[in-house]
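See structure below.
What follows draws every value from the coordinates through simple rules; no lab data is involved. Treat the numbers as computed from the prediction; the structure is a model and nothing was measured. Ideal geometry is used to build each Cβ from the backbone, glycine not excepted, and the neighbour counts take in all protein chains shown.
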Amino acid sequence: RDEIAGCIEAAYERILFPEAARILFFSSPRKMTDYAKKRGWVLGPSNYYSFGGRQQKAEDPPIPSTELATQVIEYARQLEMIV
């Protein structure tokens, strides 16, 4: 469960309480609430656990698409000459 919960925190900004309970295989809401408290999750008024404010996702660097396209085209030309 801990590994699944870690994946939930990484994958979702927020998740609905019943959905979290289903993914973590809890049979009762009480067990889900106890587990969430242990993990430090706080249930919001809209019945969602939010993770967005808790973690800062490192922004991916931009992909140099023009440069990449130029390299791919050049590679294709070289392959064409070989064939």
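Ranked by how many other Cβ atoms sit within 10 Å of their own Cβ, fewest first, the residues 38, 31 fall in the order 38, 31. Our helix-only sum for the chain, with -39,500 (n - 2.57) per DSSP H run of n ≥ 4 divided by its residues, gives a mean residue ellipticity at 222 nm of -17000 deg cm²/dmol. Selection among 29, 15, 50 by position relative to the dipole of the chain gives 29 as farthest towards the positive end (Cβ unit charges, Cα centre). As a proxy for reagent exposure, 49, 12, 75 were ordered by neighbouring Cβ count within 10 angstrom, fewest first; the result is 75, 12, 49.
The tail of the calculated P(r) for the chain beyond 22 Å holds 47 percent of all Cα-Cα pairs.
Could you list 81, 32 in order of exposure, starting from the residue whose Cβ has the fewest other Cβ atoms within 10 Å?
Arranged by neighbour count, lowest to highest, 81, 32 become 81, 32.
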